[in-house]
Amino acid sequence: MWKLQGMKTFKPYEPDQILLLPPALQDWLPKDHLVYFVSQVVESLDLSSIRNRYEKELRGYPPYHPSMMTKVLIYAYSQGVYSSRKIERHIQEDIGFRVLAAGNMPDFKCISEFRRRHLQAFKDIFVQVLRLCGKAGMVKLGHLVLDGTKIKANASKHKAMSYGRMVEEEKRLKAEIDEMTERAERTDAAEDEEHGADKRGDELPEELRFREGRLRKIQQAKQALEAEAKATADAKSDDDSAKRGPGGKGKVKSANPIPKAKTQRNFTDPESRIMKASDGSFIQGYNAQAAVDAKSQVIVAAEVSNMAADSPRLIPVMESVKANAGAMPDEASADAGFYSQDNIDYLKGKGIEAYVPPDKQPHRRHLKPAPRGRIPKNLSEADRMRRKLRTKKGQARYQLRQETVEPVFGQIKEVRGFRRFSMRGEPKADGEWQLVCLVHNLLKLAGKKNKKARRKAA
């Protein structure tokens, strides 16, 4: 390369130069890039739960390959990209996405439909990734930490209405519709003359159609709340009858129990609920649960519920731990929201040492040491738990919550920005939470592999 006297030269830059040889995708990124790890892991998974959905579909164009779509979706969630439209744009513009797509260009509709259609399959994939973590020695089950976090639903809380407001709105809309219908009937002749012979003249006015549609939505939501109230009342009555025993007297089931006036239902996602978030604000959302191994921050079980309270979810989550990992932990800790006598009895019955306080514990402040000597026999179960958590061992075990599950939720919500579900309804939110959690575990597994590689290189 020559240059004129006194002129600066640069490396060649010819953006319109045609490549003489086809590029190798493997040369586009460093060999230790996350893209290749995601690809290798997905290739090792059993995706029959996805493939089987296509077996009977013989018509139409061939669908995109399940492995490619799964890789792209997992990598997208690992990068904090959740919108199907944004994923499509990344496939067109981002090298990592293009390497995984390998020349395929699915649009956002295909991506959204693939995710929606195979949400249940992600539960199976979650277990497979968890077992890979187990083989890598990352699931010890020495101490397990349970917690829940509130995540926004794909709905606005302003689209919710209380039962009391529904009753008022139903009456108001009925009166308005009756008045408008009567007015329309009085003016039929005038409308026929105005609209001409090609129209009947009795078409519903736009404002009447709007009110009728809104009335139907309110009536459906009102009926759903009434059905829930009746189911709750029946279940409570059955439980009371069981406690009283055969022949016992007590309350009779109410034929038409009325929901509380403040009970709300959302028109956009009726299965979501108004919940109080950790920052004190109220959101329209779901309660996302996770059971995390204290040694590795690997999520062993995950689920989504529309119940704001954590206590009823402890037993189902622990049963999922057994199903996913094949064993129960030696110890388990959770905050005061999980405490109940039934939960403590359950953990004891499974041989699990429990560290679940009956009262909210102060953060970053040591409790007074437990009294010395034997524990009095007349202490209640709650007082025994309070005493245990004031011991050095108890404080150390409970402190694991701040070192285990809180960082996990921080990584999911703050680092990767997952703060709102993409789809509506509890089953779909649960499926997406499984995807979020399996991606978290995959990243933990990738981190462990990278540490091993660096140690070997050193």
Selection count where residues are among the hydrophobic types (A, V, I, L, M, F, W, C) and within 20 Å of Phe418 (Cβ to Cβ), scope the stretch 134-154 = 4
If a residue has to be surrounded by 15 or more Cβ atoms within 10 Å (Cβ to Cβ) and touching a helix residue (DSSP H, G or I) at 6+ places or on another chain (Cβ under 7 Å) to count, how many in the stretch 83-105 make the cut?
-> 11
Sole residue being over 17 Å from Arg98 (Cβ atoms) and surrounded by 15 or more Cβ atoms within 10 Å (Cβ to Cβ), chosen from Leu21, Leu47 = Leu47
Within the stretch 304-317, track down each residue that is touching a Pro at 6+ places or on another chain (Cβ under 9 Å) and either crowded, with 22+ Cβ neighbours inside 10 Å or among the β-branched types (Val, Ile, Thr) (or both).
-> Val304
Which one is nearest to the chain's Cα centre (by Cα) among residues in the stretch 375-415 that are aliphatic (A, V, I, L, M) and more than 20 Å from Asp279 (Cα to Cα)?
-> Leu400
Check Gln264 against each of (1) modelled with pLDDT of 95 or more; (2) more than 23 Å from Lys123 (Cβ to Cβ) and name the one condition it does not meet.
-> (1)
The stretch 28-71, residues that are over 26 Å from Arg131 (Cα atoms), among the hydrophobic types (A, V, I, L, M, F, W, C) and without any contact (Cβ under 8 Å) to a residue 40 or more places away in the chain = Leu58
Scan the stretch 272-292 and give yes if some residue there is over 16 Å from the mean Cα position of the chain (by Cα) and crowded, with 16+ Cβ neighbours inside 10 Å, otherwise no.
-> no
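The values are calculated or read from the model by the stated rules, or taken from the named source; none is laboratory data. Because the structure is predicted, anything quoted here is derived from the model rather than measured. We place every Cβ from the backbone using ideal geometry, glycine too, and count neighbours over all the protein chains shown.
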